[in-house]
Every structure is written in structure tokens, then in C-alpha cells.
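Shown next, in C-alpha cells, is the structure this report addresses.
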Amino acid sequence: MISSVRGPVRSAVGSTVVIEVGGVGLAVQVTPATALGLRIDEEARLVTVLIVREDSLTLYGFPSGDELAVFELLVGVTGVGPKSALGVLAVLTPNQIAQAVAGDDDGVFRKVSGIGPKTAKLIVLSLAGKLAVTAATSPARARGASSVAASVLAALIGLGWSERVAAEAVDETLSELADAAGADSAPPAVAAVLRLALGRLGPAAHHVTGVAAAASTGTARS
């Protein structure tokens, strides 16, 4: 089972990205928002699940474990295939899905292409009690924050911190920024989050300052 992939992005077209791992290009199915958040030739890391069918082997990837967990729950619902599950996550965040399930609102799922009324109701019934609702977040901010988190996490891992330590720093940093800015504010810049996360982690890498400065320069140019 392929549980994650990490490597340079070689292409990103529509909902398919190719990430090179050990000299092999792996095609990964992602949401459009995830694909837009990746940059060609820059390193990316996605948590993944391999879906095996009689005539295909398809790898689905996500920037966070929360999205993967919801995807696997959705696929377990009768009538929901991997493409439909990915479609749900393309328009709804994990928290929005949890809120809809908690509120017994199947209407939001009917808006997803390929999800009919009966399947939408089954999603609500099947996922009841399996998802936790967190503080409300706007869709635009949620998609932006997900992209920012993935970029900062990849940068910290590249600097030598373990994935667990880096992920905790990114989550805590984004949470503090969200609390300070409010749910409907624009997603923070990658360079800003990276600097704050580095400050939280401390001077564990001798070239941290240069990397943060480079990130700031890159952001200014864009």
C-alpha cells in the first residue's frame, strides 16, 4: 500500500499530478484546488490511498490526513465511488462535510456532480457520528490554508525537521493566525507562515534565516 508520496512535481493538469519518486513518475488523482497549490519542479508531499480495481490501479492524494480520512469514509458509502468522493472534497472541506452530516443536511451533497438524492441521503446516514465538527471556516480560506500548509510543511521537512514536528508547528501556527484574523480573512502567505513556524521551532537549522529570506523574496516577486 502506498500511504504517501514525496518528490518534485513534474506536471499538474486538471485533477492529475505527476510526482517523481525515486526516478519514477507517479500519477496521483487530486482535487483541482490541490493541483493549483502545487508548483512544477518544487517538492510536494501528499498522503495517499491506492484504489485497486480489476482493470486499474489508481492513486488518490491529499494534502492532509483529514481529507484522506473523509475520502475513505465517503468511498465506503454505497453508491459513492472514488471519483465521486473526490468530487465531494473538491467542493466541500472536511469540516463542511462534518457540519452537513451533523445538521442532517443532504442538500449540499446533491450539488456535487454524480451525487443523486438517494446517495446524498446515504452519505448523511452513513457518516453520522463519524466526523467531528470544528470551528466554521469559509471554503476559500480552507482551500487556501490547505495549500499554504502543504507548502510550508514541505519546506520544513526539507530543512531537516521530522514530519511530525513540522506538521505540529504548521497546524499550531495556522490555528493562531486563523484565531487572530477571523474565519473569513484571506489565507496567509507561505513566507509569513514559514517564518512564524521557524520561530516556533527555534534555530535548529543553521540555514533557516536564509531560507526564510528566500521565501520572502519569492513571494514578493510573485
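Determine whether segment 51-61 contains at least one residue that is basic (Lys, Arg), in a strand (DSSP E or B) and within 14 Å of the chain's Cα centre (by Cα). The answer is no, given that none of the residues of segment 51-61 is basic (Lys, Arg), in a strand (DSSP E or B) and within 14 Å of the chain's Cα centre (by Cα).
Taking segment 75-105 as the range and being in contact with a helix residue (DSSP H, G or I) (Cβ under 8 Å, 6 or more places away or on another chain), farther than 27 Å from Val152 by Cβ, in a helix (DSSP H, G or I) and not small (Gly, Ala, Ser) as the test, the residues that pass are Val75, Pro82, Val101.
If the condition is being surrounded by fewer than 19 Cβ atoms within 10 Å (Cβ to Cβ) and closer than 11 Å to Val80 by Cα, then segment 91-117 contributes Gly114, Gly116.
So that you can scan it fast, the table gives a plain yes or no per residue for (1) open to solvent by less than 60 Å² (accessible area, probe 1.4 Å); (2) modelled with pLDDT of 80 or more; (3) not in a helix (DSSP H, G or I):
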residue: Thr173; (1), (2), (3): yes, yes, no
residue: Leu177; (1), (2), (3): yes, no, no
residue: Ala180; (1), (2), (3): no, no, no
residue: Ala183; (1), (2), (3): yes, no, yes
residue: Pro188; (1), (2), (3): yes, no, yes
residue: Ala191; (1), (2), (3): yes, yes, no
residue: Arg195; (1), (2), (3): no, yes, no
residue: Ala205; (1), (2), (3): yes, no, yes
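If you check Ser113 against the conditions, is it hydroxyl-bearing (Ser, Thr, Tyr) and either under 18 Å from the mean Cα position of the chain (by Cα) or under 17 Å from Ser3 (Cβ atoms) (or both)? Here the answer is no, as Ser113 does not meet what is asked. Of a type in the set (Gly, Ala, Ser), touching a residue at least 12 places away in the same chain (Cβ under 8 Å) and assigned to a strand (DSSP E or B): does that describe Gly114? Considered against the rule, which asks whether it is of a type in the set (Gly, Ala, Ser), touching a residue at least 12 places away in the same chain (Cβ under 8 Å) and assigned to a strand (DSSP E or B), Gly114 comes out as no.
Counting only residues that are in a helix (DSSP H, G or I) and either at pLDDT 60 or above or in contact with a Pro (Cβ under 7 Å, 6 or more places away or on another chain) (or both), how many does segment 128-159 have?
16
The values are calculated or read from the model by the stated rules, or taken from the named source; none is laboratory data. Quantities reported herein were computed from a predicted structural model and do not represent experimental measurements. Here the Cβ is made from the backbone with ideal geometry for all residues, glycine too, and neighbour counts use every protein chain on show. Calculation scope for accessible area: heavy atoms of the full protein, side chains included, ligands and nucleic acids excluded. Shrake-Rupley method; radii C 1.70, N 1.55, O 1.52, S 1.80 Å.
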